Amino acid sequence: MDGGKGVRVLLAEDQGMMRGALALLLDLEDDIEVVAQVGAGDRIVAEALAARPDVALLDIELPGRSGLDAAAELYEKLPECRVLILTTFGRPGYLRRAMEAGAAGFLVKDGSVEELAGAIRRVLRGERVIDPALAAAALSAGPNPLTPREQDVLNAAADGATVADIAARVFLSESTVRNYLSAAIGKTSTRNRMEAVRAARRNGWL
């Protein structure tokens, strides 16, 4: 930590009102200073490299780029910055992906600002902070059963695209796409591709 009030925080949140309110509330803490705010995921790494925060507080679902993808790049390019995921979507698969991306913590947005400030201090001390209910759910849900290719095909199917459309998007033959869709439907214990998409999203596998 260098100069200023103490803990330097970057805040990534796409809803302007939420971002502004969080920044104001965190700045009221004696030892926390929000030094950068971004509303899009593809701006996180550049802003972090410029502002050199101690902690990056990232939402997951952001325009331009997922907070999870940005977390992985931050871990590589700015390893001294601790990443704390703060999201509305407490999905087990998201937690697992966040940990794989090097995040130090994962919280859902229904907690208090005091809890959030405490979590920021704890990750800076080298602790790992995870929402307890979500940790239990992630353990019971197990790992993501979908292969990367099955995830690609389900993502391409999410808007109701035909098999031909999906094949064109992911550069595979139609028969291969059908095989991947069938495998994904089986692994998610659903009846069709749209149910498989919903189940995979609910678990944070997509």
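The values are calculated or read from the model by the stated rules, or taken from the named source; none is laboratory data. Please read these numbers as outputs of a predicted model, since none were measured by experiment. For neighbour counting, all protein chains shown are included, and Cβ atoms are generated from backbone atoms with ideal geometry for every residue, glycine included. Just so you know, the surface numbers come from the protein's heavy atoms only, side chains and all, with ligands and any DNA or RNA stripped out. Shrake-Rupley method; radii C 1.70, N 1.55, O 1.52, S 1.80 Å.
Counting only strands (runs of 3 or more DSSP E) wholly contained in region 1-62, the ones carrying 3 or more residues that are touching a residue at least 40 places away in the same chain (Cβ under 8 Å) and either in the same structural domain as Asp110 (by the TED database) or in contact with a Cys (Cβ under 9 Å, 6 or more places away or on another chain) (or both) occupy 7-12, 55-58.
Scanning region 30-42 for residues that are more than 15 Å from the chain's Cα centre (by Cα) and open to solvent by 60 Å² or more (accessible area, probe 1.4 Å) gives Asp30, Gln37.
If the condition is being among the small types (Gly, Ala, Ser) and within 25 Å of Asp31 (Cα to Cα), then region 68-87 contributes only Ala71.
Return the total of residues in region 191-202 being closer than 18 Å to Arg149 by Cβ and open to solvent by less than 40 Å² (accessible area, probe 1.4 Å). It would help to see each step written out before you state the result.
Within region 191-202, the subset closer than 18 Å to Arg149 by Cβ is 193, 196-197, 199-201.
Keeping just the survivors that are open to solvent by less than 40 Å² (accessible area, probe 1.4 Å) gives 196-197, 199-200.
Within region 191-202, residues that are closer than 18 Å to Arg149 by Cβ and open to solvent by less than 40 Å² (accessible area, probe 1.4 Å) number 4.
Checked against the criterion of being open to solvent by 50 Å² or more (accessible area, probe 1.4 Å) and modelled with pLDDT of 95 or more, the candidates Arg52, Arg128 yield just one match: Arg52.
Is it the case that Arg97 is among the basic types (Lys, Arg), at pLDDT 90 or above and not in a strand (DSSP E or B)?
no
Is region 18-29 home to any residue that is in contact with a Ser or Thr (Cβ under 7 Å, 6 or more places away or on another chain) and either at positive phi or open to solvent by less than 60 Å² (accessible area, probe 1.4 Å) (or both)? Checked region 18-29: no residue is in contact with a Ser or Thr (Cβ under 7 Å, 6 or more places away or on another chain) and either at positive phi or open to solvent by less than 60 Å² (accessible area, probe 1.4 Å) (or both).
Run down Asp152, Asp159 and say which single residue is open to solvent by 50 Å² or more (accessible area, probe 1.4 Å) and assigned to a helix (DSSP H, G or I). Give the steps one after another, and end with the answer.
Values: Asp159 fails: assigned to a helix (DSSP H, G or I).
Among Asp152, Asp159, only Asp152 is open to solvent by 50 Å² or more (accessible area, probe 1.4 Å) and assigned to a helix (DSSP H, G or I).
Tell me whether region 63-71 contains one or more residues that are more than 15 Å from the chain's Cα centre (by Cα) and open to solvent by less than 10 Å² (accessible area, probe 1.4 Å). For region 63-71, residues more than 15 Å from the chain's Cα centre (by Cα) and open to solvent by less than 10 Å² (accessible area, probe 1.4 Å): absent.
Tell me yes or no: at least one residue of region 97-108 is out of contact with any Phe, Trp or Tyr (no Cβ under 8 Å at 6 or more places or on another chain) and farther than 16 Å from Leu58 by Cβ. So far as region 97-108 goes, no, none of its residues is out of contact with any Phe, Trp or Tyr (no Cβ under 8 Å at 6 or more places or on another chain) and farther than 16 Å from Leu58 by Cβ.
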